[in-house]
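The structure under discussion appears below in the form of structure tokens.
The values are calculated or read from the model by the stated rules, or taken from the named source; none is laboratory data. Quantities reported herein were computed from a predicted structural model and do not represent experimental measurements. Every residue, glycine as well, gets a Cβ built from its backbone with ideal geometry; the counts of neighbours run over all protein chains shown. Ligands, DNA and RNA are stripped out before the accessible areas are found, and what is left, the full protein with its side chains, is counted by its heavy atoms. Shrake-Rupley method; radii C 1.70, N 1.55, O 1.52, S 1.80 Å.
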Amino acid sequence: MSSFCSTGDFMLYSRSQQIRPLVVLASFTLALVTQATTLHADVPVKLVSTPALSSDGTTAVFSWRRDIWTASTEGGTIRRITHHPAMDVAPEFSPDGKEIAFSSDRSGSIQVYRVAAEGGSPTQLTFHSEGSVLEQWHGDSNELLVSGARDNFWRRSERLFRINSSERCR
């Protein structure tokens, strides 16, 4: 979620409810109306969703047109990280900035994946039939906090789980 503060500066709110200021004088969203690195080089970038910042604040990752993209917080050309007909959403940088975790329905249900921050072939990390949704990286570790509905018909079925980002969870 994002909004502008009273001074006009752009603020990003992470899914963990921590406020991370991004003093780009609204140029982040305006700079995203730049050239996309696709076959259609002059497509304006509008209505991005689920933005997140790298730990050093120099790069933003977001979902747009069902894929994951990155952009410098200074503006410029955006870079496509994933390219798949499925919906890739809710990206989050790893604490070291080398990987991006995200949720996708490319396997038929929403599952959690990871990919190198430069792009490449994503690795599926969760495989539950009810799906799993990325919430955030867990501290400064290699673990992810994911949520998912699990078989409890008599009470709320939503649960939180910690998974290792380098291992596939079955």
Counting only residues that are open to solvent by less than 50 Å² (accessible area, probe 1.4 Å) and either within 13 Å of the chain's Cα centre (by Cα) or aromatic (Phe, Trp, Tyr) (or both), the range 55-83 contains a total of 13
Out of 136, 124, I need the residue that is touching an Asp or Glu at 6+ places or on another chain (Cβ under 6 Å), modelled with pLDDT of 85 or more and within 29 Å of residue 59 (Cα to Cα). Which one? 136
Within the set of pairs 6 or more residues apart or between chains, which connect a residue that is within 22 Å of residue 53 (Cβ to Cβ) and in contact (Cβ under 8 Å) with a residue 12 or more places away in the chain inside the range 122-140 to a residue that is open to solvent by 60 Å² or more (accessible area, probe 1.4 Å) and not in a loop (DSSP other than H, G, I, E, B) with Cβ atoms less than 6 Å apart? 138/162
Any chance the range 94-106 includes a residue that's part of a loop (DSSP other than H, G, I, E, B) and of a type in the set (A, V, I, L, M, F, W, C)? no
Every residue in the range 67-88 that is within 16 Å of residue 121 (Cα to Cα) and assigned to a loop (DSSP other than H, G, I, E, B), please. 81, 82, 83, 84, 85, 86, 87
